[in-house]
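Below: one structure, written as structure tokens.
The values are calculated or read from the model by the stated rules, or taken from the named source; none is laboratory data. Not measured: the values here are computed from a predicted model. All Cβ positions, even for glycine, are placed from backbone atoms using ideal geometry, and neighbour counts span all protein chains on display.
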Amino acid sequence: MKKKVSVVIVTRDEEANISECIKSVLWADEILVVDSGSEDRTCDISRGLGADVIEREWVGYSDQKNFAIQQAKNQWILSLDADERISDDLMKILFEIFDKDSIYKGYRFPRKNIFFGKWLKNGDLWPDYQIRLFKKEKASFNDRQVHESVQVDGKVYQLDEPILHYSYENVSDFFQRQKDYAILSAQESLKKKISSKKTDIFFRPLWRFFRSYIIKSGWKDGLEGFIVSAGLAWYVFMRFAIILEFKKKNEVS
């Protein structure tokens, strides 16, 4: 293939996922895992499957992923999370991309989010487009603390074949992560002094649920669709509740 490709994966305590993730990209020229203090077998499993492992203290999603990109040996980067997989159908499409010259500096993929063993075909998280393949010197992750994304200096091509995303183990895991994301998002909003109104805590969660469950037909995915739509609304509620709490404390002090 004309393009040499490095797969980069950022991990922490991902022994349940990392094996299948790495196995789905064993065709890559390099697989690099950047781990931040795993206490399970993540690093051992990764090395056993032929991946290079760098252990580095956690400093945030974007910083960790940009560090991984810079350590990669090849010009083209495929950035994956440990709970993601490349299907055989997508692999064939990628091989065609790698074997041709192209004007594109990045490639955007839909993600097939599989919650609780079920592909959610509706709601807010489909098609969930993400740029995951890009030329090293033309792209990097933005500086957001959560829900970070790749910014590309150049043309980006959008693919139809999805990355598989096995995102949450159970309902408890899903809601715990929404809480964690809400804290990070609130901290970022406060740091950047993004304006918000007191009414946001009421109306924005309702809008997020309505958009996901009604407008984008999350109801078609049954109970799972309701749980996810409710969880996303709860994330928005938690974010604005934390912001409101912080502002009230500052007013008192």
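Looking at GLU148, GLU137, which one is outside any helix (DSSP H, G or I) and acidic (Asp, Glu)? Break it down stepwise before answering.
Values: GLU137 fails: outside any helix (DSSP H, G or I).
Within the list GLU148, GLU137, the selection yields GLU148.
Does the stretch 194-206 hold any residues that are outside any loop (DSSP other than H, G, I, E, B) and either within 23 Å of the chain's Cα centre (by Cα) or not hydrophobic (A, V, I, L, M, F, W, C) (or both), and which are they?
Taking the stretch 194-206 and keeping what is outside any loop (DSSP other than H, G, I, E, B), we get 200-206.
Of everything in the stretch 194-206, those that are outside any loop (DSSP other than H, G, I, E, B) and either within 23 Å of the chain's Cα centre (by Cα) or not hydrophobic (A, V, I, L, M, F, W, C) (or both) turn out to be ASP200, ARG204, PRO205.
Might you check whether a residue that is in contact (Cβ under 8 Å) with a residue 60 or more places away in the chain and surrounded by fewer than 16 Cβ atoms within 10 Å (Cβ to Cβ) occurs anywhere in the stretch 29-36? Give the derivation first.
Just the residues of the stretch 29-36 that are in contact (Cβ under 8 Å) with a residue 60 or more places away in the chain, to begin with: none.
No: zero hits.
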Study note, to complete from the structure: Flagged in the stretch 7-28 as surrounded by fewer than 18 Cβ atoms within 10 Å (Cβ to Cβ) and outside any helix (DSSP H, G or I), in numbering order, are ARG12, ASP13, GLU15, ALA16, LEU26, TRP27
Practice item. Specify which of the listed residues (VAL146, VAL152) is in contact with a helix residue (DSSP H, G or I) (Cβ under 8 Å, 6 or more places away or on another chain), closer than 30 Å to PHE95 by Cβ and not polar (S, T, N, Q). Key: VAL152
Check your understanding: Which ones in the stretch 89-121 are closer than 19 Å to VAL156 by Cα, out of contact with any strand residue (DSSP E or B) (no Cβ under 8 Å at 6 or more places or on another chain) and not in a helix (DSSP H, G or I)?
Key -> ASP99, LYS100, ASP101, ILE103
**Study point:** LYS73 being basic (Lys, Arg) and surrounded by fewer than 16 Cβ atoms within 10 Å (Cβ to Cβ)
**Key:** yes
Review point. Considering GLU84, GLU57, which residue is more than 21 Å from HIS165 (Cβ to Cβ) and either under 13 Å from the mean Cα position of the chain (by Cα) or charged (D, E, K, R) (or both)?
Key: GLU57
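Can we say TYR157 is among the hydroxyl-bearing types (Ser, Thr, Tyr) and in the same structural domain as GLN130 (by TED's automatic domain parsing)? So that I can check it myself, show each step before the final result.
Working: among the hydroxyl-bearing types (Ser, Thr, Tyr): yes; in the same structural domain as GLN130 (by TED's automatic domain parsing): yes.
In short, yes.
Give the residue that is surrounded by the fewest Cβ atoms within 10 Å (Cβ to Cβ), with candidates limited to residues of the stretch 179-224 that are of a type in the set (S, T, N, Q) and under 19 Å from LYS118 (Cα atoms).
Here is the first cut: in the stretch 179-224, the ones of a type in the set (S, T, N, Q) are 185, 187, 189, 195-196, 199, 212, 217.
Among the residues that remain, those that are also under 19 Å from LYS118 (Cα atoms) are: 212, 217.
Working: SER212: 25, SER217: 14.
Here the residue is SER217.
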Study note, to complete from the structure: Considering residues that are of a type outside the set (A, V, I, L, M, F, W, C), within 17 Å of the chain's Cα centre (by Cα) and outside any helix (DSSP H, G or I), the number found within the stretch 162-177 is 6
**Study point:** Residue identified as of a type outside the set (Asp, Glu), surrounded by fewer than 18 Cβ atoms within 10 Å (Cβ to Cβ), within 26 Å of GLN64 (Cα to Cα) and assigned by TED's automatic domain parsing to the domain that holds TYR213 among GLN151, GLN176
**Key:** GLN176
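Only one of SER195, SER212, SER217 is small (Gly, Ala, Ser) and at pLDDT below 90; which? Can you show your working first?
Details: SER212 fails: at pLDDT below 90; SER217 fails: at pLDDT below 90.
Of the residues listed, the single one that is small (Gly, Ala, Ser) and at pLDDT below 90 is SER195.
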Check your understanding: If the Cβ limit is 7 Å and pairs must be 6+ apart or interchain, which residue in the stretch 43-68 that is in contact (Cβ under 8 Å) with a residue 60 or more places away in the chain pairs with which residue that is of a type in the set (Phe, Trp, Tyr) and assigned to a strand (DSSP E or B)?
Key -> SER62/PHE141; LYS65/PHE141; ASN66/PHE141
Check your understanding: Taking into account only those residues within the stretch 46-68 that are touching a helix residue (DSSP H, G or I) at 6+ places or on another chain (Cβ under 7 Å) and surrounded by 21 or more Cβ atoms within 10 Å (Cβ to Cβ), which is farthest from ALA82 (Cα to Cα)?
Key -> ALA51
